[in-house]
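The values are calculated or read from the model by the stated rules, or taken from the named source; none is laboratory data. The structure displayed is predicted, hence computed values, not measured ones. Positions of Cβ are backbone-derived with ideal geometry, glycine not excepted, and every protein chain shown enters the neighbour counts. For the accessible areas, the whole protein counts, side chains as well, though only heavy atoms, and no ligand, DNA or RNA atoms are used. Shrake-Rupley method; radii C 1.70, N 1.55, O 1.52, S 1.80 Å.
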Amino acid sequence: MKVKMISRNPDHYVRETKLQNHRMPRNFDPELHPMETAREYVRALNATKLERVFAKPFVGNLSGHRDGVACFGKHPKYLSTLATGAYDGEIRIWDLANRISVRNFVAHDGFVRGIVYSSNGDRFFTVGDDKTIKVWNNAVPDLGEEEEPVNTILSRTILTDISHHRNEQIYATCGEVCAIWDENRNDPLKTLKWGVDTLHSVAFNQVETSLLSCCASDRSIILYDQREAQPLRKIVLTMKSNKLAWNPMEAFNFTVANEDCNLYTFDTRQLRNPLKIHFDHVSAVTDVDYSPTGKEFVTGSYDKTIRIYNVHQSHSREIYHTKRMQHVVCIAWSLDNRYIFSGSDEMNIRMWKANASEKLGVIKPRERVAFNYQEKLKEKFAAHPQIKRIARHRQVPKHVLNAQRKMRAIKNKEKVKEANVRKHSKPGKVPFVSEKKKPVLREDV
Amino acid sequence: MPDDEGSDQKPPRRGGPKRYFQSPVAEEDVKPIKLKSASQQNFSGEIIKVEQDKQVPFRKAFHRKGTAHKQNKISSSDVNKKHKIPKDTLKKYHKGPKVRTKGVKTKFFKEKQERKEVYLEYATEQAARTEILLTERQGFIEPDEEELTAQYRQEEIAQNVDILSASKHFKLNLDFGPYSMRYTKNGRHLLLGGRRGHVAAFDWVTKKLLCEMNVMEEVVDVSWLHVHTMFACAQKDWVYIYDSQGTELHCVKRLYRVNCMEFLPYHFLLATGNKDGYASWLDVSIGELISNFNTKLGDIRIMHQNPGNGVLCIGGGKGVVSMWSPKVREPLAKMLCHSTPISALTVDPKGKYMVTAGQDRKVKVWDIRALKGPMVSYQLRLPANQVVVSQRGSLAYSQGTYCEIQSNLLIGKEARTPYLRQTCDSFVHGLRFCPYEDILGIATAKGFQSMLVPGSGEPNYDALEDNPYQTKTQRREHEVHALLEKIPPELITLDPNEISAVDVPTLQEKVDAKGALFHLKPPKIDFKSRHKMKGRGGSAKASRNKQIVKDLKRKEFIEDVKKSKRTVFNQHTKNSNDFIPLETSEPSVLDRFKSKAAKKK
């Protein structure tokens, strides 16, 4: 007779010395892993709860400005450099890794309105309320030398914003007109004008690099081509747009931050109705900036909160707020897609994590694997009511909550009123207009 | 459009990568990428990469450039040409049929779902591929010519195996019987409880005693908890929990006169059935009684958990097996298995089959997932009083002092010559296969004996699930992880994957929803008349206005109901796929039970 029995040699299953890792033989046979789905569900629930537990988005505070922060300039090459301008004309350059300001000087009389770095990052340009464009070296001046601009250009009109071309030595300013400048010349290459009103925000497209657009105070958004003599087209919204940001990955999409608490994402090929309306803010949206992946954007608002939106979704996925943060004036998403900077009225610059529960610092491979697994589980069970509720819940400041209630009441009231009007008028006289069509009043070519 | 005009007028760029939209290929020439199935797709998983690195000998490649290049090519193609996986292996790891994308509305989600299926297929394949890494093989007995395995006695088998395995065959003569017994989930420790108070816990492989004591009271049943440092004892009145030193940790007085106990390791529930017919579930992690109710089955003596979904199967005196979940007061399912009282009951460790034995001297195997059967029915000479199934599907049953083992529970209709047989010196009170070992433990009236059954146990364990060679720190870590992943008792259902299924309304819910349409209550109208200045209003006018508004609303409501009813009736044709007969006009056999008034209708 021949007999074989399971007889495990412990030498193959137990480690020899303490310096070795434990031997962990695996067998992926599904029958040895009963109730797999229920266990995965519990894991997903735990992962979602832990995500909320570890959601501590506030990284740090950069204090130093003596007046409200007005604008940001992101360095195109150094992640740890950020330039900020304040209401009192002071500019500070920050070393973000050490959270200290390395340079500070007064650049303008009155507000600093805009800062941009040149495409190679050697210089930066500032515009201010004193109608000047100043060019500064990125390098810190030697010891004992005073901070002096490399060049100062006196503009004939007021200047409200500045934006730099992606790769050429060209930048654009706006004010009464939109002007295109060469870095090496003191006069604008061309000026573009449509109507008489002032423009308060300009942005170059980073992909389709000759395209730029402005927000005007007559509630319009104007598209220009830098190579053409005339503006391309214009749309007029119901309320003024404060800021405009182009999607860095999808050349034809841009998002505007509007005074009516909403943001609108437009497709340049179809300006008549926006692709998406982004709700949730309860006061004017002051600034918007895209993440470098083009999948999300961050907004700052007058309601003292910051929100993060998915480009394809109407409601925000995240809200950041602190007790001390006042009206958010400017916002920026760092180029490594990990941090968000916000500048607010009360002179502080705040650094936030883009993903609130992300672990900072070195992550070991096994940890990384565990995080990836958790991510996947959360995605798999995202639709389950309990998990959904936990993942969605956010604590919101009281004033925001009250304002939300009020806005909801107003919206309901309008709905009821419209329904009543429709009921008491001739059929077909009061048409149904989609929400998307309402914000755009007209399009001019 | 600005985009179109810009592309050809633009000055040439100074270096830098080209952007995707600048490609010289016209849009019509670009072919859409089609998704391939996993077998056609060239995944370069990590395993393959490692093999590639190994197969290219560095020196050869260095010295003979020409040939080495060739060799390199061959080896990489060899690696890419994956060897085929047997179909039944793939089937074992298969996660069920694909989601049909036909009903998916948008192209985007359709493609997303298709891509997901490709990944799933790949994952299944990878899991199946890991099977070649398993080191241990299943045991067996190969009889000599003209001999049968059934005629080998245990001593003979023990002589023919290695010393380590032979030492696993042993017998304990104990005086406090009859005994009940349990193995831990990883098969390392053994717990014995004698009816006359004797309780012993030990590592049965090394024969190291953890504790031994006499509780000076009747011991009805014993059970390990989630680790080998704690066990529960159902004693004369209450259930006690002891640690591995034999120290009494708890006395659970809520569990009164318990007959049988089962521990659900993934739910941390100690399920008990008592003499009055109460089934109770005790959460041992928080010490709370999750559920406790009367099953109305009378004295619960035969109880077994279904390891595949955590449902409790209780065998009753009427030949019925009922299945219970802690959060549902009625049985989830009832199966009439025998025409006589049930004498023994077990569910196989995979949760696929249930085996029942009755006083009618039959042993039947049922498909417990489909609640169908019997798949196989054996006729024995005596009724079986214990049945168990091993991890690899060996079936053991005892009849009085005699034990028989069939190598596979689905082998055939007739109870043929068994695989192995054994006669014990006294009545068999407990049978259990040891997990991950080829051992059958037999607890009798006079002690315990351990029997060698080659081929019954699972040879390859998963160390993250159950590890027989667990160290102390590993055990602690495992305990913490298990506690974090404790499945809530609400998830104990017949289908363990119900939580991931789509929530489709049941027929009953559909009927209720349709019925609710016809029994709507008119809404309450809370009308407050506007305050009017003096002389303009008056209470009479206000009440009249109120009445007008109320009437208007009621009229509107009735109209709405009428409208919805009409649409329902129009849609509710026999040909529609969700047809539910609300009231049938066709004559039925059951019409005779209708009242006269109903008949007239």
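Quick notes
- Extreme residue, nearest to the chain's Cα centre (by Cα), among residues of the range B:416-461 that are open to solvent by 40 Å² or more (accessible area, probe 1.4 Å) and touching a residue at least 24 places away in the same chain (Cβ under 8 Å): B:432
- In the range B:258-271, the residues that are in contact (Cβ under 8 Å) with a residue 60 or more places away in the chain and at positive phi form Cβ pairs under 9 Å with partners that are polar (S, T, N, Q) and surrounded by fewer than 24 Cβ atoms within 10 Å (Cβ to Cβ), at six or more places apart or across chains, as follows: B:268/B:285.
- Every condition in (1) touching a strand residue (DSSP E or B) at 6+ places or on another chain (Cβ under 6 Å); (2) surrounded by 16 or more Cβ atoms within 10 Å (Cβ to Cβ); (3) of a type outside the set (S, T, N, Q) holds for residue B:266 except the one numbered (1).
- Hey, residue B:266 among the aromatic types (Phe, Trp, Tyr) and more than 16 Å from residue B:221 (Cβ to Cβ) or not: yes
- Residues within the range A:46-64 that are more than 14 Å from every other protein chain (Cβ to nearest Cβ), among the small types (Gly, Ala, Ser) and open to solvent by less than 70 Å² (accessible area, probe 1.4 Å), tallied: 3
- Out of B:520, B:494, B:582, B:484, sole residue that is at pLDDT 85 or above, touching a helix residue (DSSP H, G or I) at 6+ places or on another chain (Cβ under 8 Å), open to solvent by 50 Å² or more (accessible area, probe 1.4 Å) and of a type outside the set (D, E, K, R): B:484
- Within the range B:120-159, considering residues that are open to solvent by less than 50 Å² (accessible area, probe 1.4 Å) and among the acidic types (Asp, Glu), the one nearest to residue B:88 (Cα to Cα): B:125
- Meets criteria (open to solvent by 30 Å² or more (accessible area, probe 1.4 Å), part of a strand (DSSP E or B), among the small types (Gly, Ala, Ser) and touching a residue at least 12 places away in the same chain (Cβ under 8 Å)) for residue A:119: no
- Residue A:37 being in a helix (DSSP H, G or I), at the interface with chain B (Cβ under 9 Å from one of its Cβ atoms) and either crowded, with 18+ Cβ neighbours inside 10 Å or among the hydroxyl-bearing types (Ser, Thr, Tyr) (or both): yes
- Selection over the range B:139-165 of residues that are outside any helix (DSSP H, G or I), within 21 Å of residue B:407 (Cβ to Cβ) and either facing another protein chain (nearest Cβ under 8 Å) or hydrophobic (A, V, I, L, M, F, W, C) (or both) gives a count of 10.
- Within the range A:65-115, tally of residues that are open to solvent by 60 Å² or more (accessible area, probe 1.4 Å) and assigned to a strand (DSSP E or B): 6
- Unmet requirement for residue A:213, which otherwise passes all of (1) in contact with a Phe, Trp or Tyr (Cβ under 7 Å, 6 or more places away or on another chain); (2) under 21 Å from residue A:130 (Cβ atoms); (3) small (Gly, Ala, Ser): (2)
- Only residues that are within 19 Å of residue A:114 (Cα to Cα) and part of a loop (DSSP other than H, G, I, E, B) were counted across the range A:203-250, and they come to 3.
- Among the residues here, residue A:300 does not qualify as open to solvent by less than 30 Å² (accessible area, probe 1.4 Å) and over 10 Å from the mean Cα position of the chain (by Cα).
- Each residue in the range B:410-423 was checked for being in a loop (DSSP other than H, G, I, E, B), modelled with pLDDT of 85 or more and not aromatic (Phe, Trp, Tyr), and 1 pass.
- Any hit, the range A:318-333, residues being under 15 Å from residue A:244 (Cβ atoms) and among the acidic types (Asp, Glu): no
- Taking the criterion of being aliphatic (A, V, I, L, M) and crowded, with 21+ Cβ neighbours inside 10 Å, the residues of the range B:307-322 that qualify are B:311, B:312, B:314, B:321.
- Whichever residue in the range A:151-170 is over 22 Å from the mean Cα position of the chain (by Cα) and among the hydroxyl-bearing types (Ser, Thr, Tyr) and, among such residues, is surrounded by the most Cβ atoms within 10 Å (Cβ to Cβ): A:155
- Within the range B:351-381, tally of residues that are touching a Gly at 6+ places or on another chain (Cβ under 6 Å) and part of a loop (DSSP other than H, G, I, E, B): 1
- Consider the range B:350-372 and keep the residues that are over 17 Å from residue B:316 (Cβ atoms) and small (Gly, Ala, Ser). The one that is farthest from the other protein chains (Cβ to nearest Cβ) is B:370.
- Failed item, numbered, when residue B:117 is tested on (1) without any contact (Cβ under 8 Å) to a residue 24 or more places away in the chain; (2) open to solvent by 70 Å² or more (accessible area, probe 1.4 Å): (2)
Residue-wise test of (1) in a strand (DSSP E or B); (2) within 29 Å of residue A:33 (Cα to Cα).
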{"site": "B:383", "(1), (2)": "no, no"}
{"site": "B:397", "(1), (2)": "yes, yes"}
{"site": "B:436", "(1), (2)": "no, yes"}
{"site": "B:459", "(1), (2)": "no, yes"}
{"site": "B:473", "(1), (2)": "no, yes"}
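- Residue match in the range B:202-209 (condition: within 14 Å of chain A (Cβ to nearest Cβ) and of a type in the set (Asp, Glu)): yes
- From the list B:269, B:332, the one residue that fits, being within 23 Å of residue B:185 (Cα to Cα) and hydrophobic (A, V, I, L, M, F, W, C), is B:269.
- For the range A:277-292, filtered to residues that are over 11 Å from the mean Cα position of the chain (by Cα) and surrounded by fewer than 21 Cβ atoms within 10 Å (Cβ to Cβ), the residue that is nearest to the other protein chains (Cβ to nearest Cβ) is A:277.
- Residues located in the range A:153-202, provided they are β-branched (Val, Ile, Thr), part of a strand (DSSP E or B) and under 12 Å from residue A:222 (Cβ atoms): A:202
- Every test in (1) at pLDDT 90 or above; (2) outside the structural domain of residue B:448 (by TED's automatic domain parsing) is passed by residue B:105 save one, and that test is (1).
- Test: residue in the range B:175-191 that is in a helix (DSSP H, G or I) and among the small types (Gly, Ala, Ser): no
- Which numbered condition residue B:587 fails, given (1) out of contact with any helix residue (DSSP H, G or I) (no Cβ under 9 Å at 6 or more places or on another chain); (2) modelled with pLDDT under 85; (3) open to solvent by less than 100 Å² (accessible area, probe 1.4 Å): (3)
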